[in-house]
1. What number of residues within the range 21-56 satisfy the criterion of being closer than 22 Å to K3 by Cα, open to solvent by 90 Å² or more (accessible area, probe 1.4 Å) and assigned to a strand (DSSP E or B)?
2. For the range 7-26, which residues satisfy the criterion of being farther than 14 Å from K62 by Cβ, free of Cβ contacts under 8 Å to residues at least 60 places away in the same chain and not β-branched (V, I, T)?
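The values are calculated or read from the model by the stated rules, or taken from the named source; none is laboratory data. As the structure is a prediction and not an experimental result, all values here were calculated from the model. Virtual Cβ from ideal backbone geometry, glycine too; neighbours counted across all protein chains shown. Surface areas here come from the heavy atoms of the whole protein model, side chains and all, with no ligands, DNA or RNA. Shrake-Rupley method; radii C 1.70, N 1.55, O 1.52, S 1.80 Å.
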Amino acid sequence: MRKYEKLLLKILSGTSDANIHFDELRNLLKNLGFEERIRSSHHMFRKAGVTEKINLQREGDKAKPYQVKQVRNVIVKYKLGGK
């Protein structure tokens, strides 16, 4: 299983939202076709066909747990995780 797939499963399981590395989450969103725009400490992601904007900020080297939850909700809602 690739690193990307493991991270996706970890996010979708919802059991370790506080343990997701910020850079890994950014790379996952890019892998899913999101475009990133950076303004100061805000990393904003948009994708055609997805109405929600995803705004990420660092908390040390981790992503903020509530933002991981938002990413999970978008992945599930738009069935972006593949199979």
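1. The total comes to 1.
2. If the condition is that a residue be farther than 14 Å from K62 by Cβ, free of Cβ contacts under 8 Å to residues at least 60 places away in the same chain and not β-branched (V, I, T), then L9, S13, G14 are the ones that fit.
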